[in-house]
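To keep things clear, I will list the structure first and then write my remarks on it.
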Amino acid sequence: MATIRLDHVAKVFPGTTTPAVADVSLDIGDGELVILVGPSGCGKSTILRMIVGLEDVTSGDISIDDRRVNDLPPRQRNLAMVFQNYALYPHLTVYENIAFPLRLRRVAEDEVRQRVERAAGLLELGDLLDRKPAQLSGGQRQRVAMGRALVRDADAFLFDEPLSNLDAKLRVQTRAEISRLQGRLHMTIVYVTHDQVEAMTLGDRVAVLRKGVLQQVDPPRELYEQPVNLFVAGFIGSPPMNFMPALVDGTTLRLPIGDVQLTREVADDVQDHHTLIAGVRPEHFEDTRVVDHRRRREGLEFRAHVDVIEWLGPEQYAYIPFYAPDEVRRPLAELATELDSEQMRTQLVVALNADSLITEGSEADLWLDPSRMHLFDPESGNNLSHRRGRVTRTPAVAGT
């Protein structure tokens, strides 16, 4: 396998002035699976195509195992790419499709058979080698495309939204197969997706892009728990992080649902801000009735009207409207448009146990763990509490 390095890479397409990719630097380790994720048009597929050599680099350098490859054609980079549409030849059998790149290189037939059978065994395609693509399911076709990449003994594998054409059940199954295969063969993989579930379950590290700019690169858990800005916080997580207006009054943070007390350290950090955006994950709210007395004292209790309940089996989501002033609505409006989530600036989503007695249309007593709250600058979008630890001191002052 190989290491891949992007050093201040940029791409500007002819006839345009706005970079599709802007000054991206990223190191991908030997045997590492790195996910490129972001909304449509963020530059993730363009980065993949520059790595493999299908797009020229406008500026910066791309290196594979410390060898600069900017000017090398794709065939000399020894990379294997798996496309979204599988790119299988409909008139060839599974065996012939997998063998195709080897026969192009005039590999001896005995070796072709050995490599194809080994790849077919890894991907559980042994019983399908005589079938044509039209006789296969979507998941089986994807495995054939992966097999064709595997037989090449490439230095690294590039996946461009490989599961987007599969139904939900097949996506889960194929995702697990890719993960097992990567762990078994220690493959270097760069994987592009717009699906954050794929990103969070597959990647050793996840790189989040927005408008061609790299926002954050971290392991999935750190990305989820310590987003560097509003965009990452709103993009990663399903349902996404809740955002509320927050007014700073000394060491008190005034929220639409009540007041909390900041730690002195955090209060000093935000003393120059009158208005902030507070971010809270849905699971950091709870039904007050299930919170023990000690924890209740350390959090914020509030009463709210429950507009809608969504029951999903193991859990349910309560939707709670709130009011945000214009000074906070503007940055959230821009973010919401990009994330296709207009509701993020007008309501909270609260994750509840499936057996919660809270009902639609009722007034509910809820509890918030403010120590898990994030504070964002409305102008820059930066997370002011990033890697700061606890935001609030306890006991918090409950609102009304």
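The values are calculated or read from the model by the stated rules, or taken from the named source; none is laboratory data. Given the structure is predicted, the values throughout are model-derived calculations rather than measurements. Every residue, glycine as well, gets a Cβ built from its backbone with ideal geometry; the counts of neighbours run over all protein chains shown.
Just to verify a result, which residue in the stretch 105-142, among those that are touching a Gly at 6+ places or on another chain (Cβ under 9 Å) and assigned to a loop (DSSP other than H, G, I, E, B), is surrounded by the most Cβ atoms within 10 Å (Cβ to Cβ)? Ranking the candidates gives Leu125 first. Being within 27 Å of Val151 (Cβ to Cβ) and modelled with pLDDT of 95 or more is not true of Val12.
Counting only residues that are out of contact with any strand residue (DSSP E or B) (no Cβ under 6 Å at 6 or more places or on another chain) and surrounded by fewer than 18 Cβ atoms within 10 Å (Cβ to Cβ), the stretch 4-48 holds 13 of them.
Within the stretch 149-174, being without any contact (Cβ under 8 Å) to a residue 60 or more places away in the chain and either assigned to a helix (DSSP H, G or I) or not assigned by TED's automatic domain parsing to the domain that holds Ile51 (or both) holds for Ala168, Lys169, Leu170, Arg171, Val172, Gln173, Thr174.
Of the residues screened, Asn85 is one that is touching a residue at least 24 places away in the same chain (Cβ under 8 Å) and either exposed (fewer than 14 other Cβ atoms within 10 Å of the Cβ) or not in a helix (DSSP H, G or I) (or both).
Selection of the stretch 241-269 for residues being part of a loop (DSSP other than H, G, I, E, B) and either of a type in the set (Gly, Ala, Ser) or crowded, with 21+ Cβ neighbours inside 10 Å (or both) yields Met241, Gly250, Ile257.
Looking at the stretch 277-323, the strands (runs of 3 or more DSSP E) lying wholly inside it that each contain 1 or more residues that are among the hydrophobic types (A, V, I, L, M, F, W, C) and modelled with pLDDT under 90 sit at 308-311.
On the given criteria, is Gly299 buried (at least 18 other Cβ atoms within 10 Å of the Cβ) and touching a Gly at 6+ places or on another chain (Cβ under 9 Å)? Considered against the rule, which asks whether it is buried (at least 18 other Cβ atoms within 10 Å of the Cβ) and touching a Gly at 6+ places or on another chain (Cβ under 9 Å), Gly299 comes out as no. If a residue has to be closer than 8 Å to Trp367 by Cβ and not hydrophobic (A, V, I, L, M, F, W, C) to count, how many in the stretch 264-303 make the cut? Within the stretch 264-303, residues that are closer than 8 Å to Trp367 by Cβ and not hydrophobic (A, V, I, L, M, F, W, C) number 7. Of the residues making up the stretch 43-52, none is of a type outside the set (Ser, Thr, Tyr), in contact with a Cys (Cβ under 9 Å, 6 or more places away or on another chain), in contact (Cβ under 8 Å) with a residue 24 or more places away in the chain and under 26 Å from Phe235 (Cα atoms). In a residue-by-residue description of the stretch 1-13, the property of being assigned to a helix (DSSP H, G or I) and under 16 Å from Ala154 (Cα atoms) applies to no position.
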